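Down below is the structure, laid out as structure tokens.
The values are calculated or read from the model by the stated rules, or taken from the named source; none is laboratory data. The shown structure was predicted, so the numbers you read here are calculated from the model rather than taken from an experiment. Cβ atoms come from the backbone with ideal geometry, glycine included; neighbour counts cover every protein chain shown.
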């Protein structure tokens, strides 16, 4: 499954890599709301929660639907600015219809609100439908949706003030170090764009992002089948330290495509593509292949040895070994007259982590 961004005919300068204080603050808020997704920041999250004033902690809980499961589109700027204040000013310029719709999508957990017509701001039946969806998610979601629909200006002002208080409480201190890492990453991306082109820059951003062979489309490996276009707007790529391991994409109609990608830590390998994870799960779904893996876990074996161990024919064993080899779970090397098959233990043991990473990104 993939999300595709049409960039056919898009001038190269309309593909931007830039840091965003607001997007990074949003990533931090997601860490605070879902620390289990980010064990590397567990200590930081614990310290922040311990130091928050009760009033701000409650404000974060009342609006956490804007960044917990997914981020509201207006929190990932298509045109990043140098400061958080400038980006919040840009958010203030978004009309109520777009702001409320984006907020309701994350609050109600339903993309169906994007195409709702008429608007829940002006139509009673659309409003009731939005409130029903919010109520199904929980009392906090219902209360937030009610306030948002009753007085969008007041809720918008309160959300902005909450974000400004977060800057004072923890963001400004963290941003100083984060900005250095983001600047380093951006220098690399801009150099790749200039020297090797879009494909190399995308590959450097994430193993889950690629340029289609015809160069007309950016393909993002996500657990969804969606498509959007960058015509007339461009695409913005925003690096994130606190966003790891998530790959977040703004792709709703009417919004410029934005991709927030995790800045790689020194050392770890690129994420395994979802296609590879699926291939490996399929390979393990057959009981005979699991038996062969049990034997291979004890050491390398030939096809004949495996056939004898499980009372199978050699052609049958060969077929199953081919499936496991295509999935990247074993290697086959010739030693004289024989070919010995060995289990790739690190790849098999990492499958659970790879699956979780594919689900989360």
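Descriptive notes on the structure:
- The condition (being surrounded by fewer than 17 Cβ atoms within 10 Å (Cβ to Cβ), within 30 Å of residue 97 (Cα to Cα) and touching a helix residue (DSSP H, G or I) at 6+ places or on another chain (Cβ under 9 Å)) is satisfied by just one residue among 253, 239: 253.
- Check on residue 103, in the same structural domain as residue 167 (by TED's automatic domain parsing), at pLDDT 90 or above and assigned to a helix (DSSP H, G or I): yes
- Test: residue in the range 294-304 that is part of a strand (DSSP E or B) and farther than 17 Å from residue 352 by Cβ: yes
- Among the criteria (1) surrounded by fewer than 22 Cβ atoms within 10 Å (Cβ to Cβ); (2) closer than 21 Å to residue 176 by Cβ, the one residue 77 does not fulfil is (1).
- Restricting the search to strands (runs of 3 or more DSSP E) fully inside the range 180-293 and requiring at least 2 residues that are in contact (Cβ under 8 Å) with a residue 60 or more places away in the chain gives 217-221, 226-229, 235-240, 248-250, 258-262.
- Selection within the range 324-335 - in contact with a helix residue (DSSP H, G or I) (Cβ under 9 Å, 6 or more places away or on another chain) and either buried (at least 17 other Cβ atoms within 10 Å of the Cβ) or farther than 24 Å from residue 351 by Cβ (or both): 324, 327, 329, 330
- Some residue of the range 84-95 being buried (at least 22 other Cβ atoms within 10 Å of the Cβ) and in a loop (DSSP other than H, G, I, E, B): no
- Of all residues making up the range 305-315, the number that are in a helix (DSSP H, G or I) and either outside the structural domain of residue 283 (by TED's automatic domain parsing) or without any contact (Cβ under 8 Å) to a residue 12 or more places away in the chain (or both): 5
- Listed by position, the helices (runs of 4 or more DSSP H) contained in the range 7-81 that have at least 2 residues being under 30 Å from residue 194 (Cβ atoms) are 21-33.
- The number of residues in the range 209-228 being at pLDDT 90 or above and surrounded by 18 or more Cβ atoms within 10 Å (Cβ to Cβ) comes to 7.
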